[in-house]
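Notes follow the structure.
Just so you know, all these numbers are worked out from the coordinates, no wet-lab data involved. Here the structure is a predicted model, which is why all the values come from computation and not from measurement. Here Cβ is always computed from backbone atoms with ideal geometry, including for glycine, and neighbour counts include all displayed protein chains.
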Amino acid sequence: MSTAAELVKPSPAKLLSFLFHEYGKGVTFQERLSKGFTQCDVIAVKTCREIEGIFCDYVATLLEKPVLYAGPEIPEPKKEQHELSNWLEKFEPGSVFQQLVLGLLGLELTELPFLLVVKPPEGTNSAEEALPEGFKQRIQEKGLILDCWVPQLEILRHKSVGCFVTHCGYGSMWESLVLCDCQLVLLPRPIDHIFTARFMEQHLKVGVEVEKNENDLFTKENLCKAVKCVMDKDSQIGCLVKENHRKWKELLSSPGFMSNYIDNFIQDLHGLLVEKI
């Protein structure tokens, strides 16, 4: 049974506020979703039954429409070596972690080497301008901060990278599950990223979400705590999410798994068209 504290993490109103943003001529996102679901003949989802089957079954029952699985098609990472590989080679295997949101002091608290990729904040020309005073000097031997594009998949597959602090975008979820062996720390942005984080932590049990307060804000201590939890080799939770991640990766990357979903999706679409004729 949920406690009162659990029910307000994060605030439901804040969580769902994006539904009421206007897209186009006075039409909210919620209205677009509603009309799309009610007026369509079939719903296609970029997922697989093994991962999200029970949720797709619920949608099919609720809307009384067939739900087709298109499969999580994941791109193959490029084989060429990026210049960041030379920097990563300085560290022990599995010791570096990457984050896509600004949690600088939390990263420093972990005392682990890290690579941070972040957009320059508004009003600045570079991420370096926003660094806390003295931060760059303190982390110069173990931290690298970039505000440019980096080859995320190649970095996550590098042997020195042991943990990925992810914003929990849907694409990042599949990439982290299928293409790397990193431990996962979940630091979701608003909108659907929060749902994805809860799904990964509570349903798949492959990561640990950073604790936030009722205003959806995290502290440097909570970020550090989540990273240490998955990176500590003696942590029961760390061992559990690592083993679950291994099992899901083994299934999702098995030969023919992705292509079978595409083939079946095409056959299902063809069958529905034949029924309409």
Exercise for review: Compute the label zone of Glu141 within the stretch 112-133: residues whose backbone N is under 18 Å from the point 7 Å along Cα-to-Cβ.
Suggested key: 112-115
Review point. Of the trypsin sites (Lys or Arg not before Pro) in the stretch 147-202, which ones lie in a loop per DSSP and count no more than 12 other C-beta atoms within 10 Å?
Key: none
Review point. For the residues Glu31, Glu76, what sequence is obtained by ranking on other C-beta atoms within 10 Å, fewest first?
Key: Glu76, Glu31
**Study point:** GluC sites (Glu not before Pro) within the stretch 190-277: DSSP coil, no more than 15 neighbouring Cβ in 10 Å
**Key:** Glu211, Glu214
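Take the Cα gyration tensor of the stretch 84-252, multiply each eigenvalue by 5, square-root it, and list the three semi-axes largest first, rounded to whole angstrom.
Details: eigenvalues 113, 69, 48 Å².
Over the Cα atoms of the stretch 84-252, the semi-axes work out to 24, 19, 16 Å.
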Review point. Considering only Cα-Cα distances, which of the following residue pairs are longer than 21 Å: Lys90/Lys142; Lys119/Lys225; Lys65/Lys276; Lys205/Lys228; Lys205/Lys249; Lys90/Lys136?
Key: Lys119/Lys225
Check your understanding: If you rank Val206, Val42 by fewest surrounding Cβ atoms within 10 Å, what's the result?
Key -> Val42, Val206
Check your understanding: Are there chymotrypsin sites (Phe, Trp or Tyr not before Pro) in the stretch 116-176 that DSSP marks as loop and that have at most 12 other Cβ atoms within 10 Å, and which are they?
Key -> Trp149
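Please compute the length gained on full extension between Leu63 and Asp41, using 0.36 nm multiplied by the number of residues separating them and subtracting their Cα-Cα distance.
6.9 nm
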Study note, to complete from the structure: So the FRET efficiency between Ile191 and Lys220, C-beta based with R0 = 25 Å and rounded to 0.05, is 0.55
Check your understanding: Fewest to most neighbouring Cβ within 10 Å: what's the order for Ile54, Ile262?
Key -> Ile54, Ile262
